[in-house]
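Chemist: Below is one structure. I have some questions about it.
The values are calculated or read from the model by the stated rules, or taken from the named source; none is laboratory data. Quick caveat: nothing in here was measured; it's all calculated off a predicted structure. Please note: Cβ atoms are built from the backbone with ideal geometry, for glycine as well, and neighbour counts cover all protein chains shown.
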Amino acid sequence: MKPFTFTDGNFDAEALKSNLPVIVDFWAAWCGPCKMIAPIIEELAGEYEGKVKIGKLDVDENQQTAIKYGVRSIPTVLFLKDGKVVETIIGAVPKSTFAEKITKLV
């Protein structure tokens, strides 16, 4: 299962108004640590399908959303519940760290 692709255009409808908790990975193609966590994000998208909406937002193509959430360094991963940020991870971390935060969400 591929992670969902969030954009400035669909963020409100797909992330903020989602019935499921949402995880958004703010990334860019040139970002080394982003490439390190990409396989983890993909695995989690498959493992939590139907329980959590997991997706990625390219900060180069979608600057408005990144600015709105104060994303200054990437990767930044936001955990949203009912349209509000409840957790944030900045930087590359192990899969267990993501799993721990997801467990709190669902």
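Chemist: With the requirement that a residue be farther than 17 Å from Thr65 by Cβ, surrounded by 14 or more Cβ atoms within 10 Å (Cβ to Cβ) and of a type outside the set (A, V, I, L, M), what does region 1-34 give you?
Modeler: Within region 1-34, Pro21, Pro33 qualify.
Chemist: Given Gly32, Gly50, Gly46, which one is over 13 Å from the mean Cα position of the chain (by Cα) and at positive phi?
Modeler: Testing whether each residue is over 13 Å from the mean Cα position of the chain (by Cα) and at positive phi leaves just Gly50.
Chemist: Another question, then. Inspect region 84-95 for any residue being more than 17 Å from Pro39 (Cβ to Cβ) and not in a strand (DSSP E or B) and give the result as yes or no. Give the derivation first.
Modeler: Of the residues in region 84-95, the ones more than 17 Å from Pro39 (Cβ to Cβ) are 84-88, 90.
Still in the running and not in a strand (DSSP E or B): none.
Scanning region 84-95 turns up no residue that is more than 17 Å from Pro39 (Cβ to Cβ) and not in a strand (DSSP E or B).
Chemist: Go through region 54-86 and report how many residues are surrounded by fewer than 17 Cβ atoms within 10 Å (Cβ to Cβ) and of a type outside the set (Ser, Thr, Tyr).
Modeler: 14
Chemist: If you take just the strands (runs of 3 or more DSSP E) that sit entirely in region 1-77, which of them hold at least 3 residues that are β-branched (Val, Ile, Thr)?
Modeler: Of the strands (runs of 3 or more DSSP E) lying wholly inside region 1-77, those with at least 3 residues that are β-branched (Val, Ile, Thr) span 22-27.
Chemist: Considering Ile102, Ile41, which residue is more than 26 Å from Trp30 (Cα to Cα), within 13 Å of the chain's Cα centre (by Cα) and either surrounded by 17 or more Cβ atoms within 10 Å (Cβ to Cβ) or modelled with pLDDT under 95 (or both)?
Modeler: Working: Ile41 fails: more than 26 Å from Trp30 (Cα to Cα).
Of Ile102, Ile41, the one residue that is more than 26 Å from Trp30 (Cα to Cα), within 13 Å of the chain's Cα centre (by Cα) and either surrounded by 17 or more Cβ atoms within 10 Å (Cβ to Cβ) or modelled with pLDDT under 95 (or both) is Ile102.
Chemist: Further question: Kindly evaluate Leu80 against the criterion of being among the hydrophobic types (A, V, I, L, M, F, W, C), under 20 Å from Ala13 (Cα atoms), in contact (Cβ under 8 Å) with a residue 60 or more places away in the chain and in contact with a Lys or Arg (Cβ under 8 Å, 6 or more places away or on another chain).
Modeler: Spelling it out, it is not the case that Leu80 is among the hydrophobic types (A, V, I, L, M, F, W, C), under 20 Å from Ala13 (Cα atoms), in contact (Cβ under 8 Å) with a residue 60 or more places away in the chain and in contact with a Lys or Arg (Cβ under 8 Å, 6 or more places away or on another chain).
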